[in-house]
Amino acid sequence: LRFADYESARTPDEPMTVHMYRIPLPGELPAGEQFRAGRYDLLGTSFEQFERNIRQQLGAMLADGGFDPALDIKAITVNRWPHGYAVGYDAESDEMQWFSEPWPDEKKAWLMGRKRFGRIAFANSDAGASAMTESAIEQGYRATQEILSEQ
């Protein structure tokens, strides 16, 4: 990873960043309920519990190589609301859609959510039903063009 003046570790002796995911999708619930339950789970989990789980999991996986969570973990950051929930969802069919182009417009709730309100245009990755940075950029461009087209 390189960003501006930052360069990530090049050898095992240097501190390094480990990026971990937790996407709770409980049981055999319908897709919409799984996401709702997953969000509830993320919001209800304390930082202390995240930290304890991370230390236990890394310790269990890496102990044979000499890893000691108490000594080797310098910091933990928790992003409780990652962009993984920016998807298309059809309540009628309970279908989750990561690529929702095949859906008719009336099934795309994000189109209604990004509708202009007077001179206010909405733009973010959710407005494009995609968790990607390029979606946020595209939506910013779209919203700007909507405003500029009326001038």
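So, in region 14-71, how many residues would count as being part of a helix (DSSP H, G or I), acidic (D, E) and either modelled with pLDDT of 90 or more or assigned by TED's automatic domain parsing to the domain that holds S93 (or both)?
Looking only at that region, the number is 3.
With respect to G32, determine if the residue is in contact with a strand residue (DSSP E or B) (Cβ under 8 Å, 6 or more places away or on another chain) and surrounded by 12 or more Cβ atoms within 10 Å (Cβ to Cβ).
yes
Considering only residues that are exposed (fewer than 15 other Cβ atoms within 10 Å of the Cβ) and charged (D, E, K, R), look in region 116-126 and name the one that is nearest to W103 (Cα to Cα).
Top of the filtered list is R116.
Would you check which residues across region 101-135 are among the hydrophobic types (A, V, I, L, M, F, W, C), touching a strand residue (DSSP E or B) at 6+ places or on another chain (Cβ under 9 Å) and more than 20 Å from E146 (Cα to Cα) and list them?
The answer is W103, and nothing else.
Kindly provide the set of residues from region 106-119 that are part of a helix (DSSP H, G or I) and more than 24 Å from the chain's Cα centre (by Cα), ordered by number.
Answer for region 106-119, where residues must be part of a helix (DSSP H, G or I) and more than 24 Å from the chain's Cα centre (by Cα): just E106.
Looking only at region 127-141, which residues are surrounded by 13 or more Cβ atoms within 10 Å (Cβ to Cβ) and farther than 15 Å from M112 by Cβ?
S130, A131, S135, A136, I137, E138, G140
Looking only at region 131-145, count how many residues are assigned to a helix (DSSP H, G or I) and hydrophobic (A, V, I, L, M, F, W, C).
Adding up the residues that qualify gives 3.
Could you list, in sequence order, the residues of region 1-24 that are exposed (fewer than 13 other Cβ atoms within 10 Å of the Cβ), touching a residue at least 12 places away in the same chain (Cβ under 8 Å) and not β-branched (V, I, T)?
Correct list: L1, P15, M20, Y21.
From the residues in region 57-78 that are exposed (fewer than 10 other Cβ atoms within 10 Å of the Cβ) and under 18 Å from S46 (Cβ atoms), which one is farthest from the chain's Cα centre (by Cα)?
A75
The values are calculated or read from the model by the stated rules, or taken from the named source; none is laboratory data. Please read all numbers here as calculations on a predicted model, not as lab measurements. With ideal geometry, Cβ positions are generated from the backbone for all residues, glycine too; neighbour counts draw on all protein chains shown.
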